[in-house]
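The next block holds one structure in the form of structure tokens; read it before the comments.
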Amino acid sequence: MKKRQVVVKKDVSRRNSNSSTSSSSGGRMIGYGECQKNHAANIGGYAVDGCREFMACGREGTSGALTCAACGCHRNFHRREVESTEVVCEYSPPNSNR
């Protein structure tokens with residue numbers, strides 16, 4: 001019987017110094033991509049502003065950290081990207097004779 005072991009590691013080599021990845025959680029880097037806010041929802045249409053990446057207005061821990069400097073939208077309107085590396089190892093444990 002084969003068992004599968006999955007280990008999730010943080011990918012440090014892809015870390016971005018200008019920091020669209022603003023927080024980390026449990027070995028995973030969390031970043032925010034393009035804005036998905038529908039600016040024409042009140043008239044029944046669909047239009048996005050074209051903002052390609054979340055850039056915080058302020059430092060982490062302030063209210064400005066949740067507002068995008070490029071489009072002015074809240075961070076929740078931006079697509080969430082979780083960057084992690086998954087290592088999979090399959091093995092067969094030795095048979096135990098009882």
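The values are calculated or read from the model by the stated rules, or taken from the named source; none is laboratory data. Owing to the predicted nature of the structure, the values given are computational and were not obtained by experimental measurement. Cβ: placed from backbone, ideal geometry, glycine included. Neighbour counts: every protein chain shown.
Taken over region 62-90, the criterion of being modelled with pLDDT of 90 or more, outside any helix (DSSP H, G or I) and more than 18 Å from residue 29 (Cα to Cα) is satisfied by 62, 67, 68, 69, 70, 71, 72, 73, 74.
One line per residue, one yes/no per condition, for (1) surrounded by 15 or more Cβ atoms within 10 Å (Cβ to Cβ); (2) aromatic (Phe, Trp, Tyr); (3) modelled with pLDDT of 90 or more:
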position: 2; (1), (2), (3): no, no, no
position: 6; (1), (2), (3): no, no, no
position: 16; (1), (2), (3): no, no, no
position: 27; (1), (2), (3): no, no, no
position: 38; (1), (2), (3): no, no, yes
position: 43; (1), (2), (3): no, no, yes
position: 46; (1), (2), (3): no, yes, yes
position: 51; (1), (2), (3): yes, no, yes
position: 60; (1), (2), (3): no, no, yes
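So is residue 70 surrounded by 12 or more Cβ atoms within 10 Å (Cβ to Cβ) and at negative phi or not? Yes.
List every residue pair whose Cβ atoms sit under 6 Å apart, with the two residues 6 or more apart in sequence or on different chains, where the first one lies in region 32-60 and is farther than 8 Å from residue 78 by Cβ and in contact (Cβ under 8 Å) with a residue 12 or more places away in the chain and the second, anywhere, is among the acidic types (Asp, Glu) and not in a loop (DSSP other than H, G, I, E, B). Close Cβ pairs (under 6 Å, with a partner that is among the acidic types (Asp, Glu) and not in a loop (DSSP other than H, G, I, E, B)) amount to 52/34.
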